[in-house]
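Read the structure below first, then the notes.
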Amino acid sequence: MIRYAATRLISLGLSLMAASFVIFAVVEVIPGDPAAFMLGMNASEETVAALRDELGLTGSLPARYLGWVTGMLGGDFGTSYTYRVPVSELIAARLWVSLPLALYALALSTLLALPIGMLAAARRGRATDYGIMGLTQLGIAVPNFWFAMLLVVLFAITWPIFPAGGFPGWENGAWPALKALTLPAVALALPQASILARVMRSALIETLGQDYIRTARAKGLTEGQAIRNHGMRNAMIPVLTIVGLQFSFLLAGAIIIEKVFFLPGLGLLIFQGITQRDLVVVESVVMLLVFAVILVTFLVDLAYALVDPRLRHSR
Amino acid sequence: MIALENISLLLAGIPVLRDVSLRIPPGQTLGLVGESGSGKSMTALSVMRLLPDGSQLSGRVLLEGRPLTDLPERKMCAVRGGQIGMIFQEPMTALNPVQTIGDQVAETLLVHGAARRSEAREIAKERLARVGLAPERFPLDRYPHELSGGQRQRVCIALAIALRPKLLIADEPTTALDVTTQAQILELIRELVREEGMSCLFITHDLAVVAEMADEIAVMKAGEVVEHGPTGEVLHEMRHPYTRALFEASRHCPERAPIVQEAPLLEVENALRDYPLKRQGLFGRREHFRAVDGVSFALRRGESLGLVGESGCGKSTLTRAILGLEPLQGGAIRLDGEAVSPTMPAELRRRMQVVFQDPYGSFNPRYKVSKLLAEPFHLIGRPTDLDARVAEALENVGLHATDADKFPHEFSGGQRQRIAIARALIARPELIVLDEAVSALDVSVRAQVLDLLADLQARFGLSYLFIAHDLSVVRSVTDRVLVMQAGRIVEAGETETVFATPRAAYTRELLAAAPVLPAA
Amino acid sequence: MRLPVQLILGMVLFGLFLAAALLSLVWTPFDVTELDIAHKLAAPSAEHWLGTDHLGRDMTAMLMAGARTSIAVALIAVGIGIALGVPLGLAAAARRGSLLDEVIMRGNDLIFAFPSLVIAILITAVFGPSAINAILAIGIFNIPVFARVSRGAALTIWPREFILAARVAGKHSARISAEHILPNIANLLVVQGTIQFSMGILAEAGLSYVGLGAQPPTPSWGRMLADAQTFFYAYPRLAILPGLAIVLTVLGLNLMGDGLRDLLDPRLRRSVR
């Protein structure tokens, strides 16, 4: 187990390194002179040179890359050109909106999808199953930001239960904050829950055809017992894969949904960064998003090993 | 006492079993034999009431006089595992891969409320020890993937007999196992039946196995029991023509008159073949496993040479090297004096062809027979008379020239194996490697294919390298035989000599383990 | 052979929008670039079947042209994914366990760490917004998807005996991949293709909605939704129509994918034999 975790950890480190290379190359190498790029065409030579100094773009590429990476490791993401404050401060404030939103949605999606998927598998081929499959088929097809707009009209304007947008901040108590995140989280979770429920159903049905289920039935287990005791844990392997993939979709989705609800999250920060050509902000936020995805992949890999002893013992 | 009375079964409207009546007294084993599709397994599943959806069962199954056929599902669950235990063919997949063996054995006790959790583990330990998995070497927290096939089958037996059932159903329990492992598992089942006073329904396609195991034999054909009686009587008298045909096909020995020349056609000299193992971690050193370890032999022109050994002995690896698919790490392989390697010239490749085991897997399902047969012409260029060559090859193997326009799924298993032979023949090779080529076939079909191979050898002067795990087949069709164990040839010699007076300890072990069909 | 119901339903739904997209190449009821402020936010009428938007553009024409953008972007992105991903996957499977395999798979993992939105953000930040960004972002995201699917499927075919037979016939791995592996995994690729197609339409809508995709005056469903947001409560039609167009197109493609799977699944076909 420790060996397996260590291997995954090394692979996590390598992925992060490779990802940082790619991001650095796209943002700082491809545009040629980032300082000139950020200031636009009309900037004078002196102002460009001054910005170059300010951003630390004077050194060689490897030196700049090393400086960027070591800075990030120490929590220093550079200084925003437009806001004139450390990027780490900007990110810290926004992260407390985007991350809870993605996790809220992930929790909703998983809690909703797994029981529904199990129910459909248990009633496979019957009306309940067809009903669930039809609804989830529709759920997958709905764009989450459009669904979010419908939710606003229904639950914020027609029946004002939840706020239509904005974020009161966590300092005013958890309840108003959670309330503000509920509609966005539901909008994000529903399409993902549809996918997950279908995966759960087919993974369970797949295990039902396995020899070990027949062995369990020959032991005297009812079909339900066989599914619970033997099907479930085996079905968790594909389900985990999807949960891991979903996190990256939810994170990306959260950025889009933030626009619907005017939430001051990473999405807002990054779109402002793009319009104002603030490459420092874009670079850091993208690195952070990619880091989150890679970290979740790592956690899912560890979860596999908990479920599947064959991985634990693999050399 | 278990009794089946007039069991009939319809699967999706199609009759699968007709009027099957059997009875097995305690402590006795009934051998149910027949070829694939004869309804043996369906009989067992009818007793267990674990039939596929949409099946209609009629007749009665009585266990100690209690009818099972109309028990409600809940009560039937109490019977399964409690009064009837069952083991299956594929031990590799029959156990839940993510649960320990102790939990899986204990579960039988728990679902039937026969023990509390702590007691159940104690009993599980005792039952595992009973089937030969001593707790010192096989603690309860082992997972199935840490055990070999034979050991897994022992776990399956342990969980089937955990509650000392009155009936044990064994459905081809040793078909997937090596011959020495098979002998041990058969011995274990025999002992258990005797000591625990169970009735045993033993299902197999192998007459030799059933002759060793069963007190009574029932022969099934197309859903009906055609002959039924005490083992000795059935094998001796063979009243039904089908029994006789089955018996004769099982011990069929094709007529051969080999003309063997002295000159070697294939020479293997001190061959070494290493396999890289999975890397240890990301930067770990790659370790190697020596699958073929200094093998040397020669196959003479016109000869049939057998290569026998159990799974994992290296015979498949050696075969791939001989076919020039994988490189050797040492030594040499020569075909008619020319070096065999992955880069050998096409003309040399043409002279050596292969027939594989699986009549379903050896064809691209999307190709027609004509295209399948033409594949070896990749080596030497497409002949102008391609259609004629295809037709000739098909007729040589007893098929019809018009079969060229069909797809492989339109043929039976035996016919597919004939197509595979035709594909090997079409390039007019000198050596054909038969890699378990008849292992997947029913005995009657196997006999026909063996006859065909003997006939082709005589007509075209072919040499065969006959790779198999089934000793009796090797004995009936080869001139000389090699016995392989752990990457080495442990014995080589004239087939009859090796079988009659084996010198190596391992050969003796193999021969002792192989079940033998008594002479008629 | 009976076609599955889902396949027919899916083909009808998707076919409708595909036809609208193709028709928009030669004819739309009004010019989508023409603004007509005098008739802005008009209700559906004989002249404007589905009414007009906040700039007076005809909604029917906008939806038709939007279908063109969505379908074109998603289709080209699937093309990129197949053209680059499938050969990579086949090569990795042909050399399984080798350094090449390792490099390809690790490269895949790396791309997987970049959701298409993030790729679009990076490209837009450096090159500025354009419709090409959406194609590139979604297309790049599709590459590892197809590479993984084709590698996984190819790995189950490689040990089959007919591949060994082809190797005995002296064929090289590239040729075996093309002649034997590819036809046997084509079903799976078709099914995956429809799934990626539908995901591409959703992704394109999302990217256009946040301004990283198609730029004005190119009409797109995602942009229409962004424009409609402020009028949603007063004029729900403006947001509901493009939303429905997305839902029905994606639903149609997904039903097609499911239907094709039922039709082509080798496991189902084997059981029929």
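The values are calculated or read from the model by the stated rules, or taken from the named source; none is laboratory data. What you are looking at is a predicted structure, and each value in this text was computed from that prediction instead of being measured. We place every Cβ from the backbone using ideal geometry, glycine too, and count neighbours over all the protein chains shown.
Results for (1) surrounded by fewer than 16 Cβ atoms within 10 Å (Cβ to Cβ); (2) among the small types (Gly, Ala, Ser), shown as yes or no for each residue.
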site: C:ALA20; (1), (2): no, yes
site: C:SER24; (1), (2): no, yes
site: C:TRP27; (1), (2): yes, no
site: C:PHE30; (1), (2): no, no
site: C:GLU34; (1), (2): yes, no
site: C:LYS40; (1), (2): yes, no
site: C:PRO44; (1), (2): yes, no
site: C:GLU47; (1), (2): yes, no
site: C:ASP58; (1), (2): no, no
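Evaluating B:GLN83 against the criteria (1) among the polar types (S, T, N, Q); (2) surrounded by 14 or more Cβ atoms within 10 Å (Cβ to Cβ); (3) more than 26 Å from the chain's Cα centre (by Cα); (4) away from every other protein chain (no Cβ under 13 Å) leaves one unmet condition, (4). Among the residues of the range C:85-113, those that are free of Cβ contacts under 8 Å to residues at least 24 places away in the same chain and of a type in the set (A, V, I, L, M) comprise C:LEU99, C:LEU100, C:VAL103, C:LEU110, C:ALA113.
The strands (runs of 3 or more DSSP E) found wholly in the range B:173-280 and carrying at least 1 residues that are free of Cβ contacts under 8 Å to residues at least 60 places away in the same chain, surrounded by 15 or more Cβ atoms within 10 Å (Cβ to Cβ) and more than 19 Å from the chain's Cα centre (by Cα) occupy B:224-230, B:264-276.
Every residue, every condition in (1) free of Cβ contacts under 8 Å to residues at least 12 places away in the same chain; (2) over 15 Å from the mean Cα position of the chain (by Cα); (3) outside any helix (DSSP H, G or I), yes or no:
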{"residue": "C:LYS171", "(1), (2), (3)": "yes, yes, yes"}
{"residue": "C:LEU189", "(1), (2), (3)": "no, no, no"}
{"residue": "C:GLN196", "(1), (2), (3)": "no, no, no"}
{"residue": "C:LEU225", "(1), (2), (3)": "no, yes, no"}
{"residue": "C:ALA228", "(1), (2), (3)": "no, yes, no"}
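Looking at the range A:22-39, can you tell me whether even one residue there is among the small types (Gly, Ala, Ser) and in contact (Cβ under 8 Å) with a residue 24 or more places away in the chain? For the range A:22-39, residues among the small types (Gly, Ala, Ser) and in contact (Cβ under 8 Å) with a residue 24 or more places away in the chain: absent. Out of all the residues in the range C:57-67, is one or more out of contact with any Pro (no Cβ under 6 Å at 6 or more places or on another chain), within 14 Å of chain A (Cβ to nearest Cβ) and outside any helix (DSSP H, G or I)? Taking every residue of the range C:57-67 in turn, none turns out to be out of contact with any Pro (no Cβ under 6 Å at 6 or more places or on another chain), within 14 Å of chain A (Cβ to nearest Cβ) and outside any helix (DSSP H, G or I).
Quick check, is A:ALA187 surrounded by 14 or more Cβ atoms within 10 Å (Cβ to Cβ), in contact with a Phe, Trp or Tyr (Cβ under 9 Å, 6 or more places away or on another chain) and farther than 29 Å from C:GLY257 by Cα? So A:ALA187 fails the test. Does the range C:58-68 include one or more residues that are free of Cβ contacts under 8 Å to residues at least 60 places away in the same chain, under 13 Å from C:MET224 (Cβ atoms) and out of contact with any Ser or Thr (no Cβ under 7 Å at 6 or more places or on another chain)? Yes: the range C:58-68 contains one or more residues that are free of Cβ contacts under 8 Å to residues at least 60 places away in the same chain, under 13 Å from C:MET224 (Cβ atoms) and out of contact with any Ser or Thr (no Cβ under 7 Å at 6 or more places or on another chain). For B:SER41, the criteria (1) surrounded by 23 or more Cβ atoms within 10 Å (Cβ to Cβ); (2) on the phi < 0 side of the Ramachandran plot hold in every case but one, which is (1).
For the range C:123-135, what are the residues that are free of Cβ contacts under 8 Å to residues at least 60 places away in the same chain and surrounded by fewer than 23 Cβ atoms within 10 Å (Cβ to Cβ)? It would help to see each step written out before you state the result.
Within the range C:123-135, the first condition is being free of Cβ contacts under 8 Å to residues at least 60 places away in the same chain, and the residues that meet it are C:123, C:125-128, C:132.
Those that are free of Cβ contacts under 8 Å to residues at least 60 places away in the same chain and surrounded by fewer than 23 Cβ atoms within 10 Å (Cβ to Cβ): C:ILE123, C:VAL126, C:PHE127, C:GLY128, C:ILE132.
Within the range B:123-143, work out how many residues are among the charged types (D, E, K, R) and surrounded by 14 or more Cβ atoms within 10 Å (Cβ to Cβ). It would help to see each step written out before you state the result.
Looking only at the range B:123-143, we keep the residues that are among the charged types (D, E, K, R), and these are B:125-127, B:130, B:136-137, B:141-142.
From what is left, the residues that are surrounded by 14 or more Cβ atoms within 10 Å (Cβ to Cβ) are B:125, B:127, B:130, B:142.
Residues flagged as among the charged types (D, E, K, R) and surrounded by 14 or more Cβ atoms within 10 Å (Cβ to Cβ) within the range B:123-143 amount to 4.
Per the listing B:SER439, B:SER463, the residue uniquely in contact with a His (Cβ under 9 Å, 6 or more places away or on another chain) and among the hydroxyl-bearing types (Ser, Thr, Tyr) is B:SER439. Checked against (1) touching a helix residue (DSSP H, G or I) at 6+ places or on another chain (Cβ under 6 Å); (2) part of a helix (DSSP H, G or I); (3) more than 9 Å from chain C (Cβ to nearest Cβ), A:LEU288 meets all criteria but (1). If you check B:GLY113, B:GLY59, B:GLY82, B:GLY31 for being out of contact with any Leu (no Cβ under 6 Å at 6 or more places or on another chain) and part of a loop (DSSP other than H, G, I, E, B), only one passes: B:GLY113. Of the set (1) out of contact with any Leu (no Cβ under 7 Å at 6 or more places or on another chain); (2) at pLDDT below 90; (3) exposed (fewer than 15 other Cβ atoms within 10 Å of the Cβ), all apply to B:PRO52 but (1). Considering (1) more than 14 Å from C:VAL168 (Cα to Cα); (2) part of a helix (DSSP H, G or I); (3) without any contact (Cβ under 8 Å) to a residue 60 or more places away in the chain, the lone condition that B:ARG349 does not fulfil carries the number (1).
In the range C:241-273, the qualifying residues are those that are among the basic types (Lys, Arg) and in a helix (DSSP H, G or I), and the one that is modelled with the highest pLDDT is C:ARG261.
Of everything in the range A:233-253 that's at the interface with chain B (Cβ under 10 Å from one of its Cβ atoms) and surrounded by fewer than 19 Cβ atoms within 10 Å (Cβ to Cβ), which residue is nearest to the chain's Cα centre (by Cα)?
In this case the residue turns out to be A:ILE237.
Taken over the range B:355-386, residues that are part of a strand (DSSP E or B) and at the interface with chain C (Cβ under 7 Å from one of its Cβ atoms) amount to 0. Among helices (runs of 4 or more DSSP H) entirely within the range A:1-100, having at least 2 residues that are within 14 Å of chain C (Cβ to nearest Cβ) and at pLDDT below 80 singles out A:34-39.
Scanning the range C:222-240 for residues that are modelled with pLDDT of 90 or more and at the interface with another protein chain (Cβ under 7 Å from one of its Cβ atoms) gives a single hit, C:LEU225. Of all residues being more than 23 Å from the chain's Cα centre (by Cα) and of a type in the set (Lys, Arg) in the range B:308-354, which is nearest to the other protein chains (Cβ to nearest Cβ)? Just the residue, please. Only one residue fits best here, namely B:ARG349. Consider A:LEU103 carefully, then state whether it is within 19 Å of the chain's Cα centre (by Cα), closer than 30 Å to A:MET133 by Cβ and without any contact (Cβ under 8 Å) to a residue 12 or more places away in the chain. Spelling it out, A:LEU103 is indeed within 19 Å of the chain's Cα centre (by Cα), closer than 30 Å to A:MET133 by Cβ and without any contact (Cβ under 8 Å) to a residue 12 or more places away in the chain.
Taking residues in the range B:495-520 that are surrounded by 13 or more Cβ atoms within 10 Å (Cβ to Cβ), and partners anywhere that are aromatic (Phe, Trp, Tyr) and part of a helix (DSSP H, G or I), the pairs with Cβ atoms closer than 9 Å and at least 6 places apart or on different chains are B:THR507/B:PHE499; B:LEU511/B:PHE499; B:LEU517/B:PHE247.
For the range C:136-146, the criterion of being of a type in the set (Gly, Ala, Ser), touching a residue at least 12 places away in the same chain (Cβ under 8 Å), within 25 Å of A:ALA148 (Cβ to Cβ) and within 11 Å of another protein chain (Cβ to nearest Cβ) is satisfied by at least one residue.
The single condition among (1) more than 11 Å from chain C (Cβ to nearest Cβ); (2) farther than 18 Å from A:LEU295 by Cα that A:LEU268 does not satisfy is (1).
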